[in-house]
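Following: one structure in structure tokens, then a few remarks.
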Amino acid sequence: MIISASRRTDIPAFYSECFFNRIKEKYVLVPNPYNPQMVSRIDLSPTVIDCIVFWTKNPNPLIDRLDGLKDYKYYFQFTLNPYGEDIENHIPAVQKRIEIFKRLSDKIGKEKVIWRYDPLLTNKKYDISFHKEAFAEIAYALKDHTNRCMLGFIDHYQHIRNEVGKLDIHPLKKEEIEEMAIFFKQTMDQFSTIEFDTCTNKVDLTHLGIPGGMCVDKKLIENICGYPISARKDKNQRSVCNCIESIDIGTYESCLNGCVYCYAIKGNYNTAEFNSRKHDKNSPMLIGDVREGNIVKDREMKSLINGQLSLF
């Protein structure tokens, strides 16, 4: 099975100690996002985990502890945007994150660190010219430290519209997207070893030579694992998502990066701060602990190499 750690929160940046405690214990408890009383017990044994996909804006707290994952295969989706504190207000500066990216790549191999330029958004400050210059600078800095760049676009979810509206961030126009995409593609074509695609098929740029990609990527996982896997498209993701199936072990409303465009915090940053105070690194749950009335059930798990079931 593939573990996603996590689309819902930045585990490497804020919850790495808890993560390694869960690896040591070989299980984690994950509440159902839509029915928190129902809790899944996820087997984290290396015999059933084919690969772990980390999602992060700052993996620095995790890097020196990666030897603790010697029995696991994994790779990183590393979001590295050029925005300032008005957009992403609790993460290291861009140059610092570039150095972190390089350090991680040098440690585990550039094929295991995907650069995400995501989400692409514009306003008067972050206009087309800004993105062209910033993308080129980051691409040049990372040209020897990644094999892939994924481009994503802002989703104007109902719960973020007020905050992004204050910053004059509006839905991207087709001509804006294509002007930037053409420049980005020309930039990436200078680095023949780096693949360039979009996250999801929501914005179709195939006519510009930019295919729709997948973040939880079957081909990449097979290359990292060294064996073929049998995996279906993830039915729990949006229809435009190409990812194969995975189990997410994160919790919504707990990320402290403070990004105004965040889909994973539907309250506000104060909600995430409040929830993070309930975090106990020794708890089997990321936020809080098992409470009276919770129903804990073993999640049916299988290695995708052989289809054998492991009921933990």
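Overview of values
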{"quantity": "Odd one out for residue 155, checked against (1) open to solvent by 10 Å² or more (accessible area, probe 1.4 Å); (2) without any contact (Cβ under 8 Å) to a residue 60 or more places away in the chain; (3) part of a loop (DSSP other than H, G, I, E, B)", "calculated": "(2)"}
{"quantity": "Among the residues listed as 133, 137, 163, the single one being in contact (Cβ under 8 Å) with a residue 60 or more places away in the chain and assigned to a helix (DSSP H, G or I)", "calculated": "163"}
{"quantity": "Residues satisfying the stated conditions in region 155-183, i.e. modelled with pLDDT of 95 or more and either among the aromatic types (Phe, Trp, Tyr) or under 30 Å from residue 112 (Cα atoms) (or both)", "calculated": "177, 178, 179, 180, 181, 182, 183"}
{"quantity": "Check on residue 196, crowded, with 16+ Cβ neighbours inside 10 Å and over 23 Å from the mean Cα position of the chain (by Cα)", "calculated": "no"}
{"quantity": "Flag if residue 102 is open to solvent by 30 Å² or more (accessible area, probe 1.4 Å), touching a residue at least 40 places away in the same chain (Cβ under 8 Å), over 24 Å from residue 218 (Cα atoms) and basic (Lys, Arg)", "calculated": "yes"}
{"quantity": "Among residues of region 204-220, those that are within 30 Å of residue 247 (Cβ to Cβ), surrounded by fewer than 17 Cβ atoms within 10 Å (Cβ to Cβ) and touching an Asp or Glu at 6+ places or on another chain (Cβ under 8 Å), counted", "calculated": "1"}
{"quantity": "Among the candidates 303, 283, 310, residue that is more than 14 Å from residue 253 (Cα to Cα), modelled with pLDDT of 95 or more and open to solvent by less than 70 Å² (accessible area, probe 1.4 Å)", "calculated": "283"}
{"quantity": "Residue within region 117-127 that is within 13 Å of residue 78 (Cβ to Cβ) and either in contact with a Pro (Cβ under 7 Å, 6 or more places away or on another chain) or surrounded by 14 or more Cβ atoms within 10 Å (Cβ to Cβ) (or both) present", "calculated": "yes"}
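Condition check ((1) of a type in the set (A, V, I, L, M); (2) open to solvent by less than 70 Å² (accessible area, probe 1.4 Å); (3) at pLDDT 95 or above; (4) closer than 15 Å to residue 51 by Cα) across all residues:
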{"residue": "239", "(1), (2), (3), (4)": "no, no, no, no"}
{"residue": "246", "(1), (2), (3), (4)": "no, yes, yes, yes"}
{"residue": "253", "(1), (2), (3), (4)": "no, yes, yes, no"}
{"residue": "259", "(1), (2), (3), (4)": "no, yes, yes, no"}
{"residue": "279", "(1), (2), (3), (4)": "no, yes, yes, no"}
{"residue": "291", "(1), (2), (3), (4)": "no, no, no, no"}
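Per-residue answers, yes or no, for (1) crowded, with 16+ Cβ neighbours inside 10 Å; (2) of a type in the set (S, T, N, Q):
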site	(1), (2)
15	yes, no
18	yes, no
37	no, yes
40	yes, yes
47	no, yes
57	yes, no
60	yes, yes
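The values are calculated or read from the model by the stated rules, or taken from the named source; none is laboratory data. Here the structure is a predicted model, which is why all the values come from computation and not from measurement. When we count neighbours, we look across all protein chains shown, and the Cβ atoms used for this are built from the backbone with ideal geometry, even at glycine. Please note that ligands, DNA and RNA were not included when accessible areas were found on the heavy atoms of the full protein model with its side chains. Shrake-Rupley method; radii C 1.70, N 1.55, O 1.52, S 1.80 Å.
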